Each structure stands twice: as structure tokens, then as C-alpha cells.
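Quick notes on the structure that follows.
The values are calculated or read from the model by the stated rules, or taken from the named source; none is laboratory data. These figures come from a predicted structure and were not determined experimentally. FYI the Cβ positions are ideal-geometry reconstructions off the backbone, even for glycines, and counts take in every protein chain you see. When the accessible area is computed, the model is the full protein with side chains, heavy atoms only, and any ligands, DNA or RNA have been set aside. Shrake-Rupley method; radii C 1.70, N 1.55, O 1.52, S 1.80 Å.
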Amino acid sequence: MPAATSKPTIFIDGEAGTTGLEIREKLARVPAVEVRSIDPALRKDAAARKELMAAVDLVVLCLPDDAAKEAVALADSLGAKAPRIVDASTAFRVADGWAYGFPELAPGQADAIRAARKVANPGCYPTGGIALLRPLVDAGLLPPDYPVTVNAVSGYSGGGKSMIEAYEAGKAPAFELYGLGLEHKHLPELQRYSKLARRPIFVPSVGNFRQGMLVSVPLHLDTLAGKPKAADLEAALARHYAGSELVKVVPTTDDSAKGRIEAESLNGTDMLELRVFANAAHAQAVLVAKLDNLGKGASGAAVQNIRLMLSV
């Protein structure tokens, strides 16, 4: 292990990307940790990265999947000197030996993250979908084999460098569906951590706004066991997240349930809001999660996990 220092030390491998920059900015507001950077000229130098990995307590990987796998192999080669890892890619979210970095997932999950050597940061879309679905499955209100459909829209900042450049240059469409081959890379974690036995249908989309996200799940309440009311779903969500600092269940009162919800009001925060909209006469409901795809959907979740792992 690295030599003891007055503060836990962190290396962000890939700190020049969107998520890396956001994590570094958030960690700058955490005085109990020290962030160490690599010389930009050496950021692809394996020997230099390995040397820095050996000198810190924790490494955050903000890299494409293949590069993240190479970085983990590099860290593992250090043996007893290997740092703890938070990986922001898709590479290890359903891998053995990795804790899933959604502390609010279930009782004991925060403790599992706290003790883990390796933590996989959740995807932005699954964060919203799992937050809505897992409590209802655990409560017995939603059968694991229910044919779930998840629809979502994100700001373009979640699409990587080329998408960001296209939108900011005015060369991208105002709105588009994508992932219509129904093989989106977020599906495995969405299914596993929602505890769904049946593979859900997931349809993502992107809009011409920089950040913000809505994830929605429609339900026919009269097809569920016990025919629960919207109030039952909301109560189950509220029980699950009682005491949570970042996940809030917002009651859909007569004043707030006007049939509209926008995506951007949580931008710049690490909050996640959950709502249940319903029409009792038709026994239908729509579960909606709102978050900043760069906050609780990415960098905010990473910093939350870092703080748990380093006890800061």
C-alpha cells in the first residue's frame, strides 16, 4: 500500500475528459483529500501511470471501456501496492469482484462500497431506472418478470466528445432516439440491479440541451399483483429512500401533477428526484426519475463513492 500521508491521495486517470474534469472540480471542494495529476505529456505513458498508481490510495478511471480494462490490469500488476479503484466506464458494472457504486441500492450497499477495493460507478440512465424499479421489486409490488419498458432523455453532454462538438456547433438534430437495436450498453446493469428476470426494453434519446435527464417507466397497475395504487408505489419508494441525502421522493400533489416535467432543474447538483404520476380511472402510472447526467449520473456518484471508500 502507498505510504501513509496526512490526506488520502487520488489520481484521476483521464482527468481531461468531461467526467474527469467534473470529478476534479468536485474534489477540489473536499479539503480532506489530495488529487495528484500526471504530466499531460505522459498521460498515455504506461510506466508513468503505473508509478503514480503505486503512489496514491485511490485511482479514478475516466476512460473508454478498453482503456479502463488496460488501466485495471496495470493497477493489478502492482500487487500489494495496488490502489483502490473507482471506474466510471461500462467495463466492470456487472463484473465479479466489483461493488456497484449506487449506495442507495439496498441496505448494506453503502457498507459494501466502503469496504470494496474496486467500485464500478453506475451509468446515468440505469441510475434513474434502477432507483425507480428496485424498491418496487423488493417490496413485491413489481414482479421480476414484468415486461418493463424504460424511456429516457439526456442532455448531449452524456454522449462524449464528438456529440458535444456536434451539438455545440449546431450540426446535430434537436432531438433523436437512439439505441434502437435494443442492445444499449447500459442494459445489463439496468436488468441486474433492478432484479429483473425479464430483459427490459430500453429506449434512450438525446435532446438539444447540455445536461439534465429524465428516465420514465410506464406501468399498467391492473396487471400487477394486488393491483397497487399510485400511493402504494410512492410509499414503497419513500420507505426505501427514507433518510437519504441525495435521493428524494417528491409527492405528486394536485398542484405539481400538471402533466409536465422538465429535465434541467437539478443541473449542477448531485440530487436524484423520483415521482409517481398516475391516472386512477385508467389504472395507469408513469414513474419518473430526474437527475443531472453529469451529477448523480456520473461525477457526483463517483465522488460519493470516493468519500465512502476513503471515509472523508
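How far, in degrees from 0 to 90, does helix 124-138 lean away from the longest principal axis of the Cα atoms of the chain, to the nearest 10? Value to nearest ten degrees: 60. The label point for residue 66 and the one for residue 162, both projected 7 Å from the Cα toward the Cβ, are 1.3 nm apart. Heavy-atom accessible area with a 1.4 Å probe sorts 264, 183, largest first, into 183, 264. In degrees between 0 and 90, to the nearest 10, how far off the longest principal axis of the chain does helix 46-55 point, with axes built from Cα atoms? That helix lies at roughly 80 degrees to the long axis. Take the chain, connect every pair of alpha-carbon atoms lying under 10 Å apart with a spring to form a Gaussian network, then pick out the residue of 273, 104, 168 with the largest mean-square fluctuation. Of 273, 104, 168, the most mobile in the Gaussian network model is 168.
Suppose R0 equals 51 Å; then what is the FRET efficiency for residue 47 and residue 223 from their Cβ-Cβ distance, rounded to the nearest 0.05? In this case the efficiency is close to 0.30.
Site pair residue 6 and residue 205 shows an inter-label distance of 5.3 nm when each label is modelled 7 Å from Cα along Cα→Cβ.
Bridgeable lysines around residue 81 (alpha carbons under 24 Å apart, same-chain partners fewer than 8 residues away excluded): 7, 44, 50, 69, 118. Positive contributions from Lys and Arg (+1) and negative ones from Asp and Glu (-1), summed over other residues with Cβ under 10 Å from the Cβ of residue 295, come out at -1. Placing pseudo-labels 7 Å out from each Cα toward the beta carbon at residue 244 and residue 111 gives an inter-label distance of 1.9 nm.
In percent, rounded to a whole number, the relative contact order of the chain is 19, using alpha-carbon pairs under 8 Å and six or more apart. What residue among 74, 272, 58 shows peak mean-square fluctuation when the chain is described by a Gaussian network model with Cα springs under 10 Å? Of 74, 272, 58, the most mobile in the Gaussian network model is 74. Of the trypsin sites (Lys or Arg not before Pro) found in the stretch 204-312, those in coil by DSSP whose Cβ has at most 10 other Cβ atoms within 10 Å are 258, 260.
Applying the criteria of a DSSP loop state and at most 12 other Cβ atoms within 10 Å to the trypsin sites (Lys or Arg not before Pro) of the stretch 8-46 yields 29, 44.
The figure for residue 164 is an accessible area of roughly 20 square angstrom, using a 1.4 Å probe on the protein chains alone. A cut-off under 13 angstrom between Cβ atoms defines the neighbours of residue 196, and their net charge, with Lys, Arg +1 and Asp, Glu -1, is +2. Our summary gives the stretch 1-160 a relative contact order of 18 percent, counting only alpha carbon pairs under 8 angstrom and 6 or more residues apart. Counted by Cβ distance under 9 Å from residue 68, the other residues give a net charge of -4, where Lys and Arg count +1 and Asp and Glu count -1.
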